[in-house]
């Protein structure tokens, strides 16, 4: 059977062959092996391991951020700054908070946050509204907010913004 070119209607013969393919017997041996691989005991052990890992990880480190976020976090930690990752404030989540300075840090991906210097102006209009809302929330709560664009992380120019 030859594949039909895009845009051509499905013939009744082709439709029947597709239905027959969908009704074919599945590989019973594979299904049984999957059932044996994940017994209830193994599932419970996997859940316990995941929970233990979660509990043992300090609250400010319980995320796997984007590469730029991880680079900023590594820089801040190398300066000895005590920070909280994924800080919730007023219904919004900020990348980092430095409570001792009442400072919030947002690492903005160039595409996701319409970086004009990288040519993404207007790529995601909803990002303007989200960023504006987060800026307003931070200011009303008495926090300063620093936004670091992704390209500033990669060229290292962000380091001057966060110096102690």
Problem set entry | Looking only at region 111-153, and only at residues there that are in contact with a helix residue (DSSP H, G or I) (Cβ under 7 Å, 6 or more places away or on another chain) and at pLDDT 80 or above, the one that is surrounded by the fewest Cβ atoms within 10 Å (Cβ to Cβ) | 151
For this session: Just give me the residues in region 110-119 being free of Cβ contacts under 8 Å to residues at least 12 places away in the same chain and not in a loop (DSSP other than H, G, I, E, B), in sequence order.
Result: 116
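Restricting attention to region 88-109, which residues are without any contact (Cβ under 8 Å) to a residue 24 or more places away in the chain and over 15 Å from residue 162 (Cα atoms)?
Pass one, region 88-109, residues without any contact (Cβ under 8 Å) to a residue 24 or more places away in the chain: 88, 93, 98-100.
Listed by number, the residues that qualify are 88, 93.
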For this session: Among the candidates 104, 162, 70, 93, single out the residue that is surrounded by fewer than 17 Cβ atoms within 10 Å (Cβ to Cβ) and outside any helix (DSSP H, G or I).
Result: 93
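The values are calculated or read from the model by the stated rules, or taken from the named source; none is laboratory data. Everything numeric here is computed off the predicted structure, so don't read it as measured data. Positions of Cβ are backbone-derived with ideal geometry, glycine not excepted, and every protein chain shown enters the neighbour counts.
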